[in-house]
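To start, the structure itself, in structure tokens.
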């Protein structure tokens, strides 16, 4: 349910589509980590002001992030002001929509508010201990479920004062049990970072080559090891979640600036769009592929298949029950066999 589906200008109200989930069906991050699903009953096929909707409430500011859910609470982010001076985190009751609390914090770095630049694009994280919000101002903040501030830090320093990405910052953070994982890929100093959930302090930081990208990292469990997988602007890379050590890298990818990788077990499904520098759609399809993580092999992974025609421009691949789905920018859906890549 909780995909980043609100188009520009639509986060003036929040509505809950009528459906039934189990009490433990939390949705804790962007795409819920990219490798899980929940069972939903009574999911409506029609949404109108009078049917298929349980409630609707007005919201402050403007946000492009997706909501996250923990037990009976739903969390959202937004920004306000001509220069996005205020970062907003709010909690609402998932059953009634009642706004339980709202936190407004001053942005460390301000950027002109416009349709061309991201506005509260990163989806927050939530777990049993609290909620963690990242904004394009570089502010990373943690709060308890009852709105008490736990810690706050800025990703910027004196030599790095803004995201140099053309359209702003769009990567949502990921999480392990004890860490918030943040990817900063832009034309300036780029890196993958792990921050402690308890204190916000950096646990490790791994430098990356500068590149423009808006994709989000994935946390993947392979046997006894947890890896961070990043598909971003030319490569798909795997890192040790405990140390940040680079484990493997798949190169020669084009068009993977926006879609995030999806995971199913030890298989990684990579999404990519038709590149402006290489407009051949069939050539671009080869970047839409499946990798198998193989920790015991010299390369650390192997390429299982490449798509024949399927591409995705803005959405991430969806793997479900032996199939993987890709959607291109004009709304064509491709269904591939997850094991073979056959369309």
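The values are calculated or read from the model by the stated rules, or taken from the named source; none is laboratory data. On a predicted model such as this, the values are computed, not experimentally measured, just so you know. Backbone-built Cβ (ideal geometry, glycine too); neighbour counts: all protein chains shown.
Residues that are buried (at least 16 other Cβ atoms within 10 Å of the Cβ) and closer than 18 Å to residue 155 by Cβ were ranked within segment 87-109; the one that is modelled with the lowest pLDDT is 109. Taking segment 301-327 as the range and being in a loop (DSSP other than H, G, I, E, B) and either in contact (Cβ under 8 Å) with a residue 24 or more places away in the chain or within 18 Å of residue 32 (Cα to Cα) (or both) as the test, the residues that pass are 307, 308, 309, 310, 311, 312, 313, 314, 315, 316, 317, 321.
Please work out if residue 9 is at pLDDT below 90 and assigned to a helix (DSSP H, G or I). It is false that residue 9 is at pLDDT below 90 and assigned to a helix (DSSP H, G or I).
Do we find that residue 258 is touching a strand residue (DSSP E or B) at 6+ places or on another chain (Cβ under 7 Å) and in contact (Cβ under 8 Å) with a residue 60 or more places away in the chain in this structure? No: the conditions fail for residue 258.
For (1) touching a helix residue (DSSP H, G or I) at 6+ places or on another chain (Cβ under 8 Å); (2) under 13 Å from residue 193 (Cα atoms), each residue gets a yes or a no:
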| residue | (1), (2) |
| --- | --- |
| 223 | no, no |
| 226 | no, no |
| 236 | no, no |
| 240 | no, yes |
| 248 | no, no |
| 251 | no, no |
| 254 | yes, no |
| 262 | yes, no |
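In this structure, residue 338 does not satisfy being over 19 Å from the mean Cα position of the chain (by Cα), at pLDDT below 95 and under 22 Å from residue 252 (Cα atoms).
Kindly indicate whether any position in segment 50-67 is exposed (fewer than 13 other Cβ atoms within 10 Å of the Cβ), modelled with pLDDT of 80 or more and touching a strand residue (DSSP E or B) at 6+ places or on another chain (Cβ under 9 Å). For segment 50-67, residues exposed (fewer than 13 other Cβ atoms within 10 Å of the Cβ), modelled with pLDDT of 80 or more and touching a strand residue (DSSP E or B) at 6+ places or on another chain (Cβ under 9 Å): present. If the condition is being out of contact with any strand residue (DSSP E or B) (no Cβ under 9 Å at 6 or more places or on another chain) and modelled with pLDDT under 90, then segment 269-304 contributes 274, 275, 276, 277, 278, 279, 280, 281, 282, 283, 284. For segment 290-297, check the following and say yes or no: at least one residue is over 21 Å from the mean Cα position of the chain (by Cα), part of a loop (DSSP other than H, G, I, E, B) and touching a residue at least 60 places away in the same chain (Cβ under 8 Å). The answer is yes, given that some residue of segment 290-297 is over 21 Å from the mean Cα position of the chain (by Cα), part of a loop (DSSP other than H, G, I, E, B) and touching a residue at least 60 places away in the same chain (Cβ under 8 Å).
Suppose the filter is more than 20 Å from residue 200 (Cα to Cα) and buried (at least 16 other Cβ atoms within 10 Å of the Cβ); does residue 134 pass it? For residue 134, the condition - more than 20 Å from residue 200 (Cα to Cα) and buried (at least 16 other Cβ atoms within 10 Å of the Cβ) - is not met.
Per-residue answers, yes or no, for (1) surrounded by 21 or more Cβ atoms within 10 Å (Cβ to Cβ); (2) over 21 Å from residue 109 (Cβ atoms); (3) assigned by TED's automatic domain parsing to the domain that holds residue 232:
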position	(1), (2), (3)
181	yes, yes, no
188	no, no, no
194	yes, yes, no
200	no, no, no
204	no, yes, no
222	no, yes, yes
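Against the condition crowded, with 24+ Cβ neighbours inside 10 Å, outside any strand (DSSP E or B) and in contact (Cβ under 8 Å) with a residue 60 or more places away in the chain, how does residue 287 come out, does it pass? Spelling it out, it is not the case that residue 287 is crowded, with 24+ Cβ neighbours inside 10 Å, outside any strand (DSSP E or B) and in contact (Cβ under 8 Å) with a residue 60 or more places away in the chain.
A single entry from 170, 255, 166 fulfils the requirement of being assigned by TED's automatic domain parsing to the domain that holds residue 31 and either within 16 Å of the chain's Cα centre (by Cα) or surrounded by 22 or more Cβ atoms within 10 Å (Cβ to Cβ) (or both): 170.
For (1) at pLDDT 90 or above; (2) farther than 18 Å from residue 244 by Cβ, each residue gets a yes or a no:
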| site | (1), (2) |
| --- | --- |
| 111 | no, yes |
| 114 | no, yes |
| 123 | yes, yes |
| 133 | yes, yes |
| 157 | no, yes |
| 165 | no, yes |
| 177 | yes, no |
| 201 | yes, no |
